[in-house]
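Nothing in this text is a laboratory measurement; each read-out follows from the coordinates by a stated rule. Here the structure is a predicted model, which means the values were calculated and not measured. Here Cβ is always computed from backbone atoms with ideal geometry, including for glycine, and neighbour counts include all displayed protein chains.
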Amino acid sequence: MPYYMGEVLRDQYGGNFKQVVKSSLDFNKVLTVGDKKLGKTGRFMETGGPELIDVSMLSGTREALLSSQWLR
């Protein structure tokens, strides 16, 4: 589904959904620090993503994650 459809779903059909959260397609990224590399496949999601898929936090809170400077 095209990314812009999230806005259409919210604006025109919002009453039919508890929540609409847009997500990117799967992508592969590599995080490199010094000579260490960590490769992962993942997605970017809007801020409602963790609640939508019921992510369990290992430490901290979802609120602290959402207020993180890394998300700005």
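The table below gives the values:
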read-out: Spatially near lysine pairs across the chain, Cα under 30 Å, sequence gap of 8 or more or different chains; value: 4
read-out: √(5λ) per eigenvalue of the Cα gyration tensor, the chain, largest first, Å; value: 28, 17, 10
read-out: GNM result for the chain, Cα springs below 10 Å: residue of GLY49, GLY34, GLY14 fluctuating most strongly; value: GLY34
read-out: Within the chain, helix-based [θ] at 222 nm, where runs of 4 or more DSSP H residues each add -39,500 (n - 2.57), nearest 500; value: -5500 deg cm²/dmol
read-out: Separation in nanometres of the label points that stand 7 Å from Cα toward Cβ, at LEU38 and TYR13; value: 3.7 nm
read-out: Under 13 Å, Cβ to Cβ, from PHE44 - net charge with Lys/Arg +1 and Asp/Glu -1; value: +2
read-out: Residue-count net charge about ASP26 - beta-carbon cut-off 13 Å; Lys, Arg +1, Asp, Glu -1; value: +3
read-out: Sequence-distant residues sharing a close amide H with GLU46 (under 5 Å, placed H); value: LYS22
read-out: Within the chain, chymotrypsin sites (Phe, Trp or Tyr not before Pro) in DSSP loop having at most 16 other beta-carbon neighbours inside 10 Å; value: TYR3, TYR4, PHE17, PHE44
